[in-house]
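The values are calculated or read from the model by the stated rules, or taken from the named source; none is laboratory data. Predicted model, so just to flag it, every value in this text is computed and none were measured. Positions of Cβ are generated from backbone atoms using ideal geometry, with glycine treated the same way; all protein chains shown enter the neighbour counts.
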Amino acid sequence: MNERGSSLLVVLLVTLIFSVLGLSVLGAAVNNTKLTAIREQEIETTASGKVLMSEVLAKLQENLNPDVTANLYAKNLKDILIKNDTPPGTHIYDIELDSIISETEKYFDDNPDLKGFTVNINELDLASTDPKIVTYKTYGITEPNFKEKNYIRIFEITIDSTEAGTDNPNIPRTVSQIVILSPTPSFLNYAVGAYGKLHEPVGDRDKDIASPNSALVINGSPDIIGNIFAPTLELNSRAVYRNIDPSDPTGTTSIELITGPFHGPSVFGTLYTKNINNKRESNPTKARFFEGKYAEVDSGITGIPVIKPISKNFVDMDFNSTRNLKWTDTGLPDFINDSTTIEPFITKCKSNDNYNYKLFEALINTDGLIENNHSATGSIGDLLVIAEGDEEIRNGDTDDSSKKRAQNPKFFCGNDFGKDHNKQVFLIEESMLETYKGSKSKLYSSEDIDGTTSTLFFTNIDKDSDHKHIFKDDHVLTLNQDLNLKDGDEKGWLVVNGNLEINGGTEDNPIVIKGNILVNGNLFIKSSGENKEFLEFDATVYVTGNSTIDNVNIDGAKENESDPDKERKQLVLISNKDLKIVRINEYEEVLNPTDNKLVNLINDKPNLKAFFYTDSNATLYGVGSHFQIEGGVFARQQLTINAIRYNFSTDSLGAISEISPSTNFASDPDARSRFYVEYDTRVITDQLSSLPRVNRLQLIVDDLNIQ
C-alpha cells in the first residue's frame, strides 16, 4: 500500500508540474501574441504619423503658394512680400499667415479618415525663457523686435495619436517637426546643388526643372553633410584636375588631366533628384552609387543618402531683380546704377546741403588734375583748400564735426537717400586712392563710418566727349584692411562701380569684413602674394560679373570678441557669372578621424565658412586643394565637383604626378576626401536682412521628432 501511495503522489506531482508548465507556456504564448499586436499597432501608429506629417507639410506648402492654390490669403501674402521690405503695420502679415495655418489645420481635422489623429500648428514663442521650449534662439534669432522687421516665422507641427486597436490599450504617440517659413530662395537650403537650366523668365522655370545635361556632376569622392538638390546627377569614378601655374590663377593656360578611379561619394543627408546617371567604373568589392566609412555605431549612418524626388515647390530667384532691390537698399539713386550722367546726383547734393555740395564739386573739379598730375596737387591740404578755404580744416584745429568730416577723404552727400530717407552716403573717387595713399585707412575705417550702416560708393568719375561727368566702371578697388559697416544686426553697404579685390591678412591677424557688398564688375578674394592669407566675414556679397576665390582661408567673423567660435557668422557670395575657387590649402595633409565617427568630421574647423551661389556655372577641384566648406555650394546652371581621397607625399607642384590614371585608388576608401561640404543651418537667419527675397514663402523643415 505504501508503495502504491508513493507512486500516486509522484504521478500527481508530475502531472501538476507539467500542468503548470503547460499553462505557463500557453500564457506566454497568449501574452506574446498580445504584445506583438500592441507592438504592431505602435509601429503602425508611428508610421501613420510620419506619413501624415508629410501630407501636412505638402498641404501647408501648397496653401502658401499663390501660383498653385486659389487661396486668397496666399495671394495677399504675395502682394505684401512684393510691396514691402518689412511686414506692414497692424500685423497684417501675421493675420494673413494665421489664416493659412488655420485653414491647413482644418483640412486635416475635418477629414473622417484621420480619426484618432490631431494636427496642431503652433508658432514658437520668440520671448520664451523656458529651456524646454524650442524657440527662435535655436536659430540664432534673439532680437526682441525681430518679427516686426522680418517675414521669417518658425512653427512647430505636432501630430498626436491615441487611437487603439480592438481590446488594446491606448498607445499615445506624438510626431513633431519644426518648420521655418522664409521669404528666401530654395537654393539656400542645400549643402550642394544645381538647378540645371539656362536663364529664362522666372515664371517659366518650374515647368521643367530637369536639363538635358546633368545639373550636378560629381567626379571622384567628396564628403557631403547635408541635403543635395540635383534634378539630374552624374557620377564618375575619376576626378578631373588642372595643374595651375601660380602666375595664372584663372587656369587659362593649364591642361585638363584625370586621376585614377576612386570609390563613390559619401552623402549624409537626402538627395533630391529625378535621375542618377551612374558612369562609375565597377568596383569588385563595392558597386554601390554611394559609399562611406564614417559610421556611427548606434545610428548606423554610413554615408549613403536617402533618395527622394525633387520638390515642385522650388522657390527660384531672379538675379537682376534681386540686385536692383539691393541697390535700392544702399540708398544710392537709380541713375548711378545705369552709369548715366552724374549731373542729377550733383543737383541732389546741392539741394541737400550746400557745404557738402562744395566738397563734392571740388572732387569733380580737381579729378582730372589729380589723376594726371597728383604729385603737384595731390596733397590732402591742397584738395581741402580747393574744397573749403578754411585754415581750421587744413590744420585739423576744429571741434566742428562737419569740418572734421572734411579731413576724411570720403565725401559726404547728405542723408536723404534710400527708402527711409535717412541713409548716409559717402563717395570715394578712384583718384583718391593715389592721392591719399598715405592715409588710405581713412577711406574704410574712421569715426564717421566705422560701426555704422552707411553706404560707401566707390567709382571713377570722368568726362565724356561732351565734357559731361559720367560714372565709369573700368577700374579696381583693392581692399586690404578691416571694414566695419555694421551696427547691431543692421549692415551698411560698400558699392563698387567696377572690380573689387579683397586681400587677406595673417592667421593671427586676419582681415575682418562686416557689411554688405555690391560689385558692378568682377570680384577677387585672394592673397596678395604666394602665401595663403586669412579673412573673416560677416557679409552678403552680390557680384554682377565673375567671382574668384584664390589661395585664402575664409572664416566667420565674431559678433564680438567674447563670442565662442560656434557663434561666428559667415560669407554669403551670390555671383551672376562663373564661380572659381582655386588653390585652397594646396597639398595640405588631410587627417583621418581615429574612430570613423561622423561627429569628428563635423567638429573640424572649416577653411571656407561660406555659402557660394552662382547664377551660371561652377567647376571646383578638390584634388590638389583641400576644401573644408561650412555653408554650401549651388549653381543655377551646372555644378561640377572633383574630389579625391588622398594625402600627397610632397607639397610641391610635382606632387600632382602621384595621381596616376593607372592607379586604382578605390581600394583605399578609408581616407578622408579633399572636398568636404557641411551645410550651415544658420545661413538664413544670420544673413537674413541682406539675403535675396522672393515673392512667396518657402517651407524649410527641421529634424522629425517622435515621442
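The residue pairs whose first member lies in the range 182-210 and is of a type in the set (Phe, Trp, Tyr), whose second member is surrounded by fewer than 21 Cβ atoms within 10 Å (Cβ to Cβ) and at pLDDT below 90, and whose beta carbons are closer than 9 Å, counting only pairs six or more residues apart or on different chains, are 187/314; 187/316; 190/269; 195/205; 195/209; 195/211; 195/314; 195/316.
When restricted to residues that are assigned to a strand (DSSP E or B) and within 11 Å of residue 449 (Cβ to Cβ), the range 475-490 contains 4.
When the residues of the range 625-673 are filtered to those that are of a type in the set (D, E, K, R) and touching a Phe, Trp or Tyr at 6+ places or on another chain (Cβ under 9 Å), the one that is modelled with the lowest pLDDT is 651.
Let's see how each residue does on (1) buried (at least 20 other Cβ atoms within 10 Å of the Cβ); (2) in a loop (DSSP other than H, G, I, E, B); (3) touching a Pro at 6+ places or on another chain (Cβ under 9 Å); (4) of a type in the set (A, V, I, L, M, F, W, C):
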residue	(1), (2), (3), (4)
500	yes, no, no, yes
518	yes, no, no, yes
525	yes, no, no, yes
531	no, yes, no, no
542	yes, no, yes, no
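Within this structure, residue 175 fails the test of being among the aliphatic types (A, V, I, L, M) and modelled with pLDDT under 55.
Each row is one residue, and each column tells you yes or no for (1) at pLDDT below 80; (2) in the same structural domain as residue 50 (by TED's automatic domain parsing); (3) basic (Lys, Arg); (4) outside any loop (DSSP other than H, G, I, E, B).
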residue: 119; (1), (2), (3), (4): no, yes, no, yes
residue: 126; (1), (2), (3), (4): no, yes, no, no
residue: 134; (1), (2), (3), (4): yes, yes, no, no
residue: 138; (1), (2), (3), (4): yes, yes, no, yes
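Here the condition is being modelled with pLDDT under 90, within 20 Å of residue 628 (Cβ to Cβ) and surrounded by 21 or more Cβ atoms within 10 Å (Cβ to Cβ); of 244, 218, it holds for 244 alone. Just one of the listed residues (89, 49, 116, 140) is more than 24 Å from the chain's Cα centre (by Cα) and on the phi > 0 side of the Ramachandran plot, namely 116.
Whether any residue in the range 583-602 is surrounded by 18 or more Cβ atoms within 10 Å (Cβ to Cβ) and either under 17 Å from the mean Cα position of the chain (by Cα) or modelled with pLDDT of 95 or more (or both) is what I want to check. No, every residue in the range 583-602 fails to be surrounded by 18 or more Cβ atoms within 10 Å (Cβ to Cβ) and either under 17 Å from the mean Cα position of the chain (by Cα) or modelled with pLDDT of 95 or more (or both).
Candidates in the range 552-566 are the residues that are more than 19 Å from residue 516 (Cα to Cα) and at pLDDT below 95; of these, the one that is surrounded by the most Cβ atoms within 10 Å (Cβ to Cβ) is 563.
Within the range 69-90, the set of residues being polar (S, T, N, Q) and under 21 Å from residue 325 (Cα atoms) comprises 76, 84, 86.
Is it true that residue 509 is in contact (Cβ under 8 Å) with a residue 40 or more places away in the chain and either farther than 30 Å from residue 150 by Cβ or touching an Asp or Glu at 6+ places or on another chain (Cβ under 9 Å) (or both)? For residue 509, the condition - in contact (Cβ under 8 Å) with a residue 40 or more places away in the chain and either farther than 30 Å from residue 150 by Cβ or touching an Asp or Glu at 6+ places or on another chain (Cβ under 9 Å) (or both) - is not met.
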